[in-house]
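Q: Here you go, one structure.
Bear in mind these aren't lab numbers, they're just calculated from the coordinates by the rules spelled out. All values reported here derive from a predicted model rather than from experimental measurement. Methodologically, a virtual Cβ is constructed for each residue, glycine included, from the backbone with ideal geometry; neighbour enumeration extends over all protein chains shown.
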Amino acid sequence: MSTAQPRSGTTVPDGTDVRPGPVVPSPERSARPASGGRLRALDGLRLLAALMVALYHYGGRGGDVTRAWGSSPQDQFPTLHSWFAYGPLGVQIFFVISGFVICMSGWGRPLRSFFASRASRLMPAYWVAVVLVTAVFALPGVVYAAVTPSEALLNLTLLQEPLGAHRVLGVDWTLWVEIRFYALFALCLVLPGVNRRRVVLFCAVWTLAAAIAQASGEEALTLVLMPEYAPFFIGGMGIYLLYRDRRDALAWGIVAVSWLTGQYHAVEGLWHSSDPGQFSYRSATVIVLIVTFGFAAVLAIALGLLDWASWPWLTVAGALTYPFYLVHEHLGWVVIKALHQDLGVPSWATLALTLGAMLLLAWLMHRYVERRVTPWLRKALHGVR
């Protein structure tokens, strides 16, 4: 039997360059031409999600960023701060993308290879980001408190969340969510071998188990099954099944149920009342619309509706997303303070320059860290000398 390769070469939210295994045609598989190009539109969507999160950290919340600006972002961006407050939904979009591409990358891949690909792409940039932020926060002129040396060392393992230590990177809680998804996917699908039947069963069981975990209130079950975020990963996996066969009725059902439950969890977790004491008001309708956009955008890419968006610069955008996501928050606050308070740069110019500086730092990390260390680490984990 001949094999056909799906379109390959996109990146997951942690920066992984996906090289999926072969797709074996079946009687149910719809006729769809294979292509050797990248899913560049997915790279662009990833950067959009990262910029949403960055705008939230810079202008859509209170707390530490207020010290960076010298006053509340409500004062710096009187109108748009309420729109920046929707930025956390970029994380949910990331999770939908992750479900799609992890299913793609794990298909036909042995467990050791899956582990090597995840660790080699996740850790090098993460280690550098932890060292950079720890070093900068330890400088005398920086107003933010540094973690203890012991906590900084623990952060290198990515186990600070379950062990209750202070985080060096504010965004690393999302990496802990991703790691738990990778573990579930590896144990339940990669280890026995990924195929359509197992993916459908896994999605159905996880959806039901996550609902039971939330209803039970058991912390251990909630920790493992992540009911708040499971619908987004599951939805992404369902979309990957549609990428393989758009006539797959069960896959359409998986995506629909995931969207329905995902929008509910997003509204419950992110809605703010119009109480004046709240930093911002988030409309439940807008939250639903953004979640819908995330599902619809990944689905459109999977169905080939955005194949026309194949500009080469999107590949660069995809490469920068992960290191940018790691460093933008805390180092961005340092840049904002230096530009706005110390040099008197206007708010909008400060915002633009800070985003540009973090993207430049992300490019340097990709060029001099990821491109050099990732291949070496992957070979080492594979046992290749």
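Q: So what is the relative contact order for the chain, in percent, with contacts set as C-alpha pairs under 8 Å and at least six apart? Intermediate values should be presented prior to the final figure.
A: Details: 579 pairs, mean separation 97.6, N = 385.
Normalised by residue count, the contact order of the chain is 25 percent.
Q: Checking understanding here: applying a Kyte-Doolittle mean of at least 0.5 and a length along the axis of at least 18 Å (C-alpha), which whole DSSP H helices in the chain pass?
A: Helices meeting the span and hydropathy rule in the chain are 40-59, 89-106, 111-137, 172-185, 196-216, 230-244, 249-270, 284-302, 313-336, 347-365.
Q: Can you list which of the GluC sites (Glu not before Pro) found in region 207-282 are DSSP loop residues with at most 15 other C-beta atoms within 10 Å?
A: In loop regions of region 207-282 (DSSP not H, G, I, E or B), the sparsely surrounded GluC sites (Glu not before Pro) are GLU218.
Q: Along Cα→Cβ, 7 Å out, is where each label goes; now give me the distance between the ones at LEU159 and ARG367 in nm to one decimal.
A: Going by the 7 Å Cα→Cβ label model, 3.7 nm.
Q: Using 0.36 nm per residue of separation minus the Cα-Cα distance, give me the extension gain between ARG247 and TRP376 in nm, one decimal.
A: Difference between extended and current length: 42.4 nm.
Q: Let me ask another. Can you tell me the dipole magnitude for region 105-264 around its Cα centre, using point charges on the Cβ only (Lys, Arg +1; Asp, Glu -1), in Debye to the nearest 20?
A: Using only the charged Cβ atoms, the result is roughly 800 debye.
Q: Right, next: Under 15 Å from a point placed 7 Å out from the Cα of ARG67 along the Cα-to-Cβ direction: which residues of region 136-177 have their backbone N that close?
A: Label zone hits: 136-148, 167-170.
Q: Could you give the radius of gyration (one decimal) and Dmax (whole number) of the Cα atoms in region 81-171, in Å?
A: Spelled out, the Cα radius of gyration and Dmax of region 81-171 are 16.7, 51 Å.
Q: Tell me the Rg and the Dmax, in Å, that the Cα atoms of region 243-381 produce.
A: Values for region 243-381 (Cα only, Rg and Dmax): 20.3, 59 Å.
Q: Can you tell me how much longer the chain between THR292 and ASN195 gets when fully stretched, taken as 0.36 nm per residue apart minus their C-alpha distance, in nm with one decimal?
A: Stretched out fully, the THR292 to ASN195 stretch lengthens by 32.2 nm.
Q: Give me the dipole magnitude in Debye, nearest 20, for region 36-162 about the Cα centre, with unit charges on the beta carbon: positive for Lys and Arg, negative for Asp and Glu.
A: So the magnitude is around 600 debye.
Q: Scale the Cα Rg of the chain by the rule-of-thumb value 2.2 N^0.38 Å and send over the ratio, two decimals. Intermediate results must be reported in sequence, preceding the final value.
A: Details: Rg = 20.8 Å, N = 385, 2.2 N^0.38 = 21.1 Å.
In units of the 2.2 N^0.38 Å rule of thumb, it is 0.99.
Q: Hey, can you grab everything whose amide H is under 5 Å from the amide H of ARG282? Only 5+ residues off in sequence or another chain; H modelled, so Pro and N-termini drop out.
A: For ARG282, whose amide H was placed from the backbone, the distant partners under 5 Å are HIS272.
Q: Further question: Say the dipole of the chain comes from +1 at the beta carbon of Lys and Arg and -1 at that of Asp and Glu; which of PHE94, LEU339, ILE301 then lies farthest toward its positive end?
A: The residue sitting most towards the positive pole is ILE301.
Q: Give me the extension gain from ALA215 to LEU260: residue separation times 0.36 nm, minus the current Cα-Cα distance, reported in nm with one decimal.
A: Roughly 14.5 nm would be gained on extension.
Q: Please report, in cubic angstrom per residue, the volume enclosed by the convex hull of the alpha-carbon atoms of region 153-232.
A: Spelled out: Cα convex hull of region 153-232, divided by residues, is 103 Å³.
Q: If you average the C-alpha positions of region 294-328 and of region 44-78 separately, how far apart do those two centres end up, in angstrom?
A: 22 Å
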